[in-house]
Structures are given as C-alpha cells and as structure tokens.
Amino acid sequence: MNKRKYRLFVICCLVLDLLVMLISGYRYLDRKIPDEIQISRGKKTEDVTEVLSTPFVTFEEAVTVSQDGGYILPCKLLGYIPFKEIKVTPADDQEIYVSGSTIGIYMQTEGVLVIDTGEIQNRNGETEEPARNIIRQGDYIISFNGEKISTKRELIDDISELDGSEVTLGISRKGESIPVSVTPVKDKKGDYKLGIWVRDDTQGIGTLTYVDQNGNYGALGHGISDIDTAQLLNIRNGALYKARILAINKGSKGNPGELAGYICYDDRNILGTIEANSRNGIYGQFTGIADDAITLKKMPAAYKQEVKIGTATILCSTDGEVKEYDAEIRKIDLNHEDTNKSFVIKVTDKELLEATGGIVQGLSGSPVIQNGKIIGAVTHVFVQDASSGYGIFIENMLKNTERLF
C-alpha cells in the first residue's frame, strides 16, 4: 500500500514538473515571438522568418489580409501544434532626431483631481466627513452646480459662496461622467467645506527622447501618474520648458536616486506643448528645434525585432551636456503586457555609475542606441539595483506619435 502511494506521489510530481516545464517553455516562446511586427516595406516573408527563427517553432504560408501588403504569418510548435498568428505590417523606415536633453514638464489636469476625502470639525466640535463614500480618490471634478470648472482656484471660489445647500458636482470617474450630491459642513470658523483634498497640476524633470520629421516629439517612455493616487493623469494641457540640473542624488540599492534641478518657467523657455499623457510617454508639438540648449541628432529608428542582447549606449545629460554612455541589453520581451518594460538594460559606463549610480529619476526617456540606430528609451529603474532598469521600444513610442498626429 505504501509503495503504491509512493509511486502515485512520484508520478504526480513528474506530471507537475512536466506541466511547469511546458508552461515555462510556452511563456519563453511567447516572449520571443511577437503577436505583431512591422517590417521595412519590400521585405519578403523569408526575411521575417529568418529574424524570428526560434527552436521548435515553424512558420506556415503567409496569408495576405490588407491592400498595403500586410499579412498574417501562422506559426506552429514542433511543426504541428498551432501556436499563434503573427500580424505583419509593412512600414516605411524612419529617421528621427534623437535627443537626450533634460526637459522641464508642466501639466494641468482635465478637471480638478481628488486626492482624498477628509474629516471636518463642525461648529459643535463634532467630526463629519461629507464627501465620504460619495467622492472617491482619483475622481475628477468637472462641474459645480452645472457650471464647468477646470482649476482648483475655480473650485475654491465656488465653495466660498456656499450657503449650506446641497451641492451637485459633475464627476469624471474611469471615463464615465456622473453627477453626485454633497451637503457642505460649516466648520469652526463658520466656513462651508466639502471635505476633499484636490490638485490641478503637476511638474517634474525628465528626458526628451526624440523629435520626428514633422516636429512631433516623444519623451519619458512612460506616463505621468499622480503621486498620491498612482493613477495616470488626465491632462487638459501642458508645456515643455528648459530645465537645469543643480545636483544629483545618487541611486543605491533600495533607494532610487534623482536629478535635482529647476524648471525655467518663462515663455521664452517653452520648448513645446504637451498634448498627450499616455502609458508610453508624453507627446506633443516641439517648438525648440533651433534652441542651442537642446541636442538633436538625426538617426534611423530600429524595429523591435532588430534589438539584440548585447552592448548598447544611452544618451543622457547630468550636467547640461548630452553624452553617450556604455550599457548592455540584458533581456528582451517582444510581447510584454507593459510595453514600457520591453527590455532590461544595465548601465556599465564607469563615469555614469560614478555620477548617478546608474539610472535615476529624471533619466526616463533617455534614448538607447544600438548598431547606429535608436532602439528605445529608458523608462524605469530597478529599486534593488540602481544600475539596471526597463526600456521601451522606439517603435512603440513612434506608434503613439502616429496615432496622435
């Protein structure tokens, strides 16, 4: 009886190990073979299969699906197990102006962002929280008693005129507009309050990645989220400004560093507009092409399948001058669900490691160069290893530009 149980246990363990191996193998191949790719116009199917050649994966005959030459390329595991169908889209090769310059970022939210709700002591000394379970963290207030509002100042002015009557607020919540009613509370000073903490703008320092031939730019490689709600900010407008680095707080294990500086808030120092804040970066029109403070170098853009494990360089500025620093691409994921975490990059340059410890806040958007092409941009630092972080493929940033403009 014991032998039979032992045998059954061993078989179960072997089956479990086999399942783990199969799942791990499938995940590995899924990272290696993208769901969709762009290729240079005129390239043949054989060129695609050669680039994507992977053990255990075979490619079937392509099926044309669009007039521009796009097609579906089926592939199988071990020659007979259906794996996936790759969408292949012909595209024109692009040359863009690569930067690495430090920029100041200022954005105004679309409506007034609610950071949190809070308690108020009324005139009797009792604690009330009028907005609790009515207004939520991350909501945007877009109207007050039917009148549109855009700024915190407008909201404060409207609240100052309250007489204790119920207030109707227009709320934007997860893309849906809903009306909510809140009854204000009179505090100890005799002023009416709604018990909400709000914000209507944000600012910071980052790195300009590129400007395309039409004067459209991409920067950061990741979106800007609110520091309190951790939600991607919905923006009304914004601007890029010149910025100056004053000091570097060096990164270390468990302590991400940062570039400390200031933004030159002056109309003469505006470099462009901010028209979109997306998961893959910020985008807009660049107006500072002729500005000597901004470095721009024309360079071809690589397709994601051209990115290889091995040496690369990073363009960034820590002292006002854009320099090229040595790095290594350590890992590539052609199918990562977070497109701004598509590859792992490690800084190997002694000068940059000495100055910053590796990747610090403010370097997001720094262009990554390999084999004479821009392949992407730095997006995140690893908290436990300041020398390493994630990057986004330039192809994905350029797709954002194409969609927006």
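What's the total number of residues in the stretch 29-48 that are among the basic types (Lys, Arg) and closer than 20 Å to LYS331 by Cβ?
From the stretch 29-48, those among the basic types (Lys, Arg) are 31-32, 41, 43-44; that's our starting set.
The next check asks that each one be closer than 20 Å to LYS331 by Cβ; those that pass are 31-32.
Matching residues across the stretch 29-48 total 2.
Report, ordered by the first and then the second residue, all pairs with beta carbons closer than 7 Å, sequence separation of six or more or different chains, a first member in the stretch 185-204 that is without any contact (Cβ under 8 Å) to a residue 40 or more places away in the chain, and a second member that is loosely packed, with under 15 Cβ neighbours inside 10 Å and not charged (D, E, K, R).
Between residues of the stretch 185-204 that are without any contact (Cβ under 8 Å) to a residue 40 or more places away in the chain and residues that are loosely packed, with under 15 Cβ neighbours inside 10 Å and not charged (D, E, K, R), the close pairs are TYR192/GLY164.
For the stretch 314-344, give me the residue count where each residue is farther than 12 Å from GLY376 by Cβ and of a type in the set (S, T, N, Q).
Here the count works out to 3.
Taking the stretch 87-106 as the region of interest, how many residues are surrounded by fewer than 22 Cβ atoms within 10 Å (Cβ to Cβ) and either of a type in the set (Phe, Trp, Tyr) or outside any strand (DSSP E or B) (or both)?
So the answer is 5.
Considering the stretch 180-208 alone, what residues qualify as being over 30 Å from GLY104 (Cα atoms) and among the small types (Gly, Ala, Ser)? It would help to see each step written out before you state the result.
Just the residues of the stretch 180-208 that are over 30 Å from GLY104 (Cα atoms), to begin with: 180-195.
Hits for the stretch 180-208 are SER181, GLY190, GLY195.
So, of the residues in the stretch 270-306 that are touching a Gly at 6+ places or on another chain (Cβ under 8 Å) and among the polar types (S, T, N, Q), which turns out to be nearest to PRO367 (Cα to Cα)?
Filtering first and then ranking leaves THR295.
Among the candidates GLU337, GLU351, GLU321, GLU328, which residue alone is under 29 Å from ASN214 (Cα atoms) and surrounded by fewer than 19 Cβ atoms within 10 Å (Cβ to Cβ)? Before the answer, list the steps.
Working: GLU337 fails: under 29 Å from ASN214 (Cα atoms); GLU351 fails: under 29 Å from ASN214 (Cα atoms); GLU328 fails: under 29 Å from ASN214 (Cα atoms).
Sole residue among the options that is under 29 Å from ASN214 (Cα atoms) and surrounded by fewer than 19 Cβ atoms within 10 Å (Cβ to Cβ): GLU321.
Considering each residue of the stretch 218-249, count those that are farther than 26 Å from ALA355 by Cβ and not in a loop (DSSP other than H, G, I, E, B), and give that number.
Residues in the stretch 218-249 being farther than 26 Å from ALA355 by Cβ and not in a loop (DSSP other than H, G, I, E, B): 7 in total.
How about the stretch 256-272: which of its residues are surrounded by 16 or more Cβ atoms within 10 Å (Cβ to Cβ) and either touching a helix residue (DSSP H, G or I) at 6+ places or on another chain (Cβ under 7 Å) or not in a loop (DSSP other than H, G, I, E, B) (or both)?
Narrowing the stretch 256-272 to residues surrounded by 16 or more Cβ atoms within 10 Å (Cβ to Cβ): 256-259, 261, 263, 269-272.
GLY257, GLU258, LEU259, GLY261, ILE263, ASN269, ILE270, LEU271, GLY272 - these are the residues of the stretch 256-272 that are surrounded by 16 or more Cβ atoms within 10 Å (Cβ to Cβ) and either touching a helix residue (DSSP H, G or I) at 6+ places or on another chain (Cβ under 7 Å) or not in a loop (DSSP other than H, G, I, E, B) (or both).
Would you mind finding the one in THR109, THR58 that is at pLDDT below 85, in contact with a Lys or Arg (Cβ under 7 Å, 6 or more places away or on another chain) and assigned to a strand (DSSP E or B)?
Details: THR109 fails: at pLDDT below 85.
The conditions single out THR58.
The values are calculated or read from the model by the stated rules, or taken from the named source; none is laboratory data. Bear in mind that the values here come from a model prediction, so they are computed numbers and not experimental data. Heads up, the Cβs are rebuilt from the backbone with ideal geometry, glycines too, and the neighbour counts pull from every protein chain shown.
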